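The values are calculated or read from the model by the stated rules, or taken from the named source; none is laboratory data. Predicted, not measured: the structure shown is a model, and the values here were computed from it. Methodologically, a virtual Cβ is constructed for each residue, glycine included, from the backbone with ideal geometry; neighbour enumeration extends over all protein chains shown. Areas reflect the complete protein model, heavy atoms only, side chains present, ligands, DNA and RNA absent. Shrake-Rupley method; radii C 1.70, N 1.55, O 1.52, S 1.80 Å.
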Amino acid sequence: MGYKKIFNVALGLTLMVTGVGASCVFASDPPPEGGAGSVAVRLFLTEGAVPADDPNAAVWNTIQPAEFKLAPQVHWPDRIQEVTVKSVNVRGIHNGQDLAMLLEYADPSEDAADAAAIEFMVGDKMAHFAHGQEMLQVEGGDVNIWYWKKEHGKATDMTAKGFKTLRPQENQNVSATGAWQDGIWRVVFSRPLQTGDEQDVQVTPGEWRNVAFAFWDGEIVDGAVKEKGSQKAVSSWWYFRAEPPPDNSIYGYVVLGIVLAAGFEFFLVRKIRRGNES
Amino acid sequence: MKGPLAKTAILLVGMYVFLKFVLPLVTAPLPASLIFLYLALTLASAMIFYTMSGGSLDEFMGPVGRFLTGSGQAGVAGTARILVFVVFPLLVGWQTYTRLAPSDMPPAENRTIHPAPPGEFVGLANPYPTTPENVMMGKGLYAAFCSPCHGANFDGKGPAAVGFNPPPANFSDPGTIAQLQESYLFWRIKKGGVGLPVEAMPWKSAMPRWEVELPDEWIWKIIMGEYDGAGQSPRTWEEEE
């Protein structure tokens, strides 16, 4: 073998071995760990209408829920040490125009003051999960809160930036319907993905955004509502994302990769054979 | 197994075993990408070594060239050759797919757990003496205000802890308050989660800003009660010198 020919073989072999090695080694990197419970809600893409007003629609049963543990609200007064709602299962769906999120949670009694809420950060600024309260070293943003209460029978689209600033918005874009059965509330919230209202969270398919949840048990105990105002079950910030439309161009790139690799093999072997013949 | 190719293969396997299984016995495990880099460097070194003279080059590359061209091969070697030629493009295709396929995982978060405190809190000393009465009072205040999240056993497992992300600190863990000075705890309790800098993600913390509810004296005594109850000692300036 001549030096040039051998160098070519060596180069080809190195590329081949490193390519195969990279495939095996990088593919063995473990995925990030999410810890206990879920970390994100996935709004599945559907082609039909979203079940905006139907907590018992059959489609909900086809969607894998994300589960989030809830804690008593102890961050600011008035605190509460124990709450009724301990965790929530969240399902999501969208059709590119509208989204719906179903909150399913255990509450032994159906009460007029039972309530549920979903909170979002608005825009690009990070906001504290407790009503977007002021942070001392970081300039925070607003939060958008979708609030549903059994006795109201509808949702209220709200805005807050700090304690005692929570107020209903001028433009109400959110709807909600709740159904209680056998100790389980199923509450569905829905809204267009995009509203054009700068006080609202804007949902773009494929983009991760923050979300948090809150629940109130409106049972009357000793003549008073058990959980109200800041006395509620809360979650931390988690994530949600509306599923983007499928991108079939990926398969084109896969085929291209296979063709290039096979072509590389072909030319490598041909080069070695020609070298041997000469 | 005397040929240079076999020696290189043994070297690579030995290097992999060393990096993957032996090295973690004395230090932190290496990431897979770093192991791959070291293996690639080992292979490159071996190739440079064997291509320094024409003789060793022929010895090294001869079997490879014969394998790739299939000259004089039959049976197992021939089948292995076909297998390699089929598997390699498929691996490239699979790798392309895993790199481009959309992920269902949210963005990774690198949250700093113990960020630097603001200057005005550095080096503050607890103005109250560590007397049994002060420690007792601190533990009582801890029970009232802190234990719902941080736990009656100072282990971060209070009844309200479930569901918070990040979870409340476990003071009995040697990696938390034992690594910190009293002045650091004073800052964290007084200013709470909202007082954290951006790298600690203050928007996620449920730690109250206790300065709006508790006097400084109570906070200092809570710190005493915390260390005593968790069986830890604060880090001091003397230890750092």
Taking only Cα atoms of the stretch A:137-232, radius of gyration then Dmax in Å: 15.3, 48
Helix A:3-27 versus the longest principal axis of chain A: what angle, 0 to 90°, nearest 10, using Cα atoms? 20
Please work out whether the protein assembly as shown counts as rounded, prolate or oblate from its C-alpha gyration tensor, where a ≥ b ≥ c are the square roots of the eigenvalues and a/c under 1.5 means rounded, while otherwise a/b larger than b/c means prolate and anything else oblate? oblate
Among B:T176, B:A108, B:P127 the positive-end extreme of the charge dipole of chain B (Cβ point charges): B:A108
Between the modelled labels at A:K86 and A:V255 (7 Å from Cα along Cα→Cβ) the distance in nm is 5.3
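Hey, what number do you get for chain A at 222 nm if only DSSP H runs of n ≥ 4 count, each worth -39500 (n - 2.57), divided across all residues, to the nearest 500? Display every interim value, and only then the final one.
Numbers: 2 runs with 54 residues, N = 278.
About -7000 deg cm²/dmol.
Pairs of Cα atoms under 8 Å, at least six residues apart: use those to get the relative contact order of chain B, whole percent. Working shown, then result.
On the way: 235 pairs, mean separation 41.4, N = 241.
Contact order relative to length: 17 percent.
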Carbon and sulfur %, accessible surface of the stretch A:40-242 computed with the full protein complex present, 1.4 Å: 47
May I ask what percent, to the nearest 5, of DSSP beta bridges between residues of the protein assembly as shown are antiparallel? 90
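Rounded, prolate or oblate: pick one for chain A, where a ≥ b ≥ c are the square roots of the eigenvalues of its C-alpha gyration tensor, a/c under 1.5 means rounded, and failing that, prolate if a/b is larger than b/c, else oblate. Intermediate results must be reported in sequence, preceding the final value.
Details: a/c = 2.94, a/b = 2.63, b/c = 1.12.
The shape class here is prolate.
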Taking trypsin sites (Lys or Arg not before Pro) as exposed when in a DSSP loop with at most 14 other Cβ atoms inside 10 Å, chain B has its longest clean stretch at B:112-241
Got a sec? Charge dipole of the protein assembly as shown, +1 on Cβ for Lys and Arg, -1 for Asp and Glu; which of A:A115, B:P29, A:A40 is way out at the positive end? B:P29
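Between A:T62 and A:Q181, how high is the FRET efficiency from 1/(1 + (r/R0)^6) when r is the Cβ-Cβ distance and R₀ = 22 Å? Nearest 0.05. It would help to have the intermediate numbers written out before the result.
On the way: r = 19 Å, r/R0 = 0.88.
For R0 = 22 Å, the calculated efficiency reads 0.70.
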Prolate/oblate/rounded label for the stretch B:4-100 (Cα gyration tensor, a/c 1.5): oblate
Any idea what the dipole of the protein assembly as shown comes to, in debye rounded to 20, about its Cα centre with Lys/Arg Cβ at +1 and Asp/Glu Cβ at -1? 2840
For peptide A:130-137, the mean count of other chain Cβ atoms within 10 Å per residue Cβ is 6
Projected onto the charge dipole of the protein assembly as shown (unit charges on the beta-carbon of Lys, Arg, Asp and Glu, signs +1, +1, -1, -1), the Cα from B:G195, A:Q64, A:V83 with the largest positive-side position is that of A:Q64
With only Lys, Arg, Asp and Glu charged, each at its Cβ (+1 for the first two, -1 for the last two), find how big the charge dipole of the stretch B:119-230 is about the Cα centre; round to the nearest 20 debye. 280
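Give, as a single signed number, the net charge of other residues whose beta carbon lies under 12 Å from the beta carbon of A:W238, with Lys and Arg counted +1 and Asp and Glu -1.
On the way: positive: A:R42, A:K69, A:R209, A:R241, B:K204; negative: A:E67, A:E119, B:E109.
Surrounding charge for A:W238 is +2.
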At a 1.4 Å probe radius, carbon and sulfur cover how many percent of the accessible area of chain B? 65
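Considering only the other residues whose Cβ falls under 13 Å of the Cβ of B:R188, what net charge follows from Lys and Arg at +1 and Asp and Glu at -1? Intermediate results must be reported in sequence, preceding the final value.
On the way: positive: B:K190, B:K191, B:R209; negative: B:E182, B:E211, B:E226.
Summing Lys/Arg as +1 and Asp/Glu as -1 gives 0.
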Relative contact order of chain A, pairs being alpha-carbon contacts under 8 Å that are 6 or more residues apart, as %: 22
Let's test the formula: R0 of 56 Å, r as the Cβ-Cβ distance of B:L124 and B:D104. What FRET efficiency results, to the nearest 0.05? 0.75
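Any idea of the total accessible area buried by the A-B contact, 1.4 Å probe, rounded to 100 Å²?
Values: alone 16100 and 15600 Å², together 25990 Å².
For A against B, buried area totals roughly 5700 Å².
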For the stretch A:40-242, the dipole about the Cα centre with charges only on Cβ (Lys and Arg +1, Asp and Glu -1), to the nearest 20 debye, works out at 340
Once the piece of chain linking B:E217 and B:T236 is laid out straight, how much longer is it, given 0.36 nm per residue of separation minus the C-alpha distance between them? 4.8 nm
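Determine the calculated [θ] at 222 nm for chain B from helices alone, applying -39500 (n - 2.57) to every DSSP H run no shorter than 4 residues and normalising by the residue count; nearest 500 deg cm²/dmol. Can you show the working numbers first?
On the way: 9 runs with 122 residues, N = 241.
The helix contribution divided over chain B gives -16000 deg cm²/dmol.
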